[in-house]
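Inspection log for the structure reproduced underneath, given as structure tokens.
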Amino acid sequence: MQEPISSTTNSFSEDTRLYDRSVESTNFLLDFWWLWLIAVVAAVAVASLLRIRRNLVALEARCASAFGDVDALLAERHALIPNLVAVTKEHIGHEIKVLDRLLEAQQNALETFGRNRMNAETEVGNAINQLINVAGSMPQLASSNQFPELRIELTRIEERVTASRRYYNSTVAEYDAARGGFVSSRLAALSGMPQHARFDLGEQRAEIAAPQRVAFG
């Protein structure tokens with residue numbers, strides 16, 4: 001009598017050697033644990049670099065925006081200079097050097113870029129202050145309608161310029177501090193992020209706004 005043929009079926013784990021492969025993978029991870037350590041360190045380093053770069057980009061954008069605010073106010077100040085010159089020119093013909101200094105300073109500021117722009121705009125503010133001081137000593141000019149209005153307008157602009165300049169300088173200081181480290185400075189250089197010079201326009205507002213002494217003969 002023929003014995004029945006017994007058929008055996010293997011389980012899925014036996015067919016795929018799932019257990020053996022799990023053991024091999026575990027042994028591999030244990031033998032080469034340092035690879036995972038390197039991968040974790042590399043991931044943390046990349047994340048840190050990306051965070052530093054995002055911070056630098058944000059601070060640089062703030063510097064550019066703050067400089068744009070100052071630049072807009074300076075453009076408004078430049079627009080008032082021709083009116084100031086026109087109002088005072090006929091009354092101070094003997095002080096033509098003051099007008100020449102102002103016009104020359106304005107032209108220089110409009111043609112200057114970069115760090116030298118800061119000094120050029122400071123000179124414009126000094127020239128405006130000198131012209132107003134000279135013009136304010138003339139009774140017929142000080143009592144006119146146009147000159148006091150121009151002085152008030154220039155005072156308003158100088159107040160806003162001073163506030164905007166201080167905010168811009170604070171953003172530049174924060175930006176410089178953020179890129180002051182070895183890694184951040186190299187990252188900023190590789191990313192092509194520019195440096196920003198601080199704006200020093202002088203404290204002209206108080207002098208321009210101060211009452212002028214008028215000599216009556």
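The values are calculated or read from the model by the stated rules, or taken from the named source; none is laboratory data. Remember, predicted model here, so these are calculated numbers, not experimental data. Accessible surface is based on the protein model in full, side chains and every heavy atom, while ligands, DNA and RNA are left aside. Shrake-Rupley method; radii C 1.70, N 1.55, O 1.52, S 1.80 Å.
Within region 151-190, what whole-number % of the accessible surface is contributed by carbon and sulfur, with the 1.4 Å probe and all protein chains included in the calculation?
Exposed carbon and sulfur together represent 59 percent of the surface.
In whole angstrom, note down how far apart the Cα centers of region 125-142 and region 40-75 are.
About 43 Å separates the Cα centre of region 125-142 from the one of region 40-75.
Multiplying the sequence separation of residue 43 and residue 30 by 0.36 nm and subtracting their Cα-Cα distance, what value in nm do you get?
Length gained, residue 43 through residue 30: 2.6 nm.
Read phi for every residue in region 142-151 and hand back ³J(HN,Hα) as whole Hz from Karplus 6.51 cos²θ - 1.76 cosθ + 1.60, θ = phi - 60°, with x for Gly and Pro.
Those phi angles translate into 5, 8, 6, 7, 6, 5, x, 5, 5, 5 Hz.
How many Å² of accessible area per residue for region 21-160, probe 1.4 Å?
That works out to 59 Å² for each residue.
Gain in length, residue 22 to residue 111, computed as 0.36 nm per residue apart minus the alpha-carbon separation, to one decimal in nm?
Gain in length upon complete extension: 24.7 nm.
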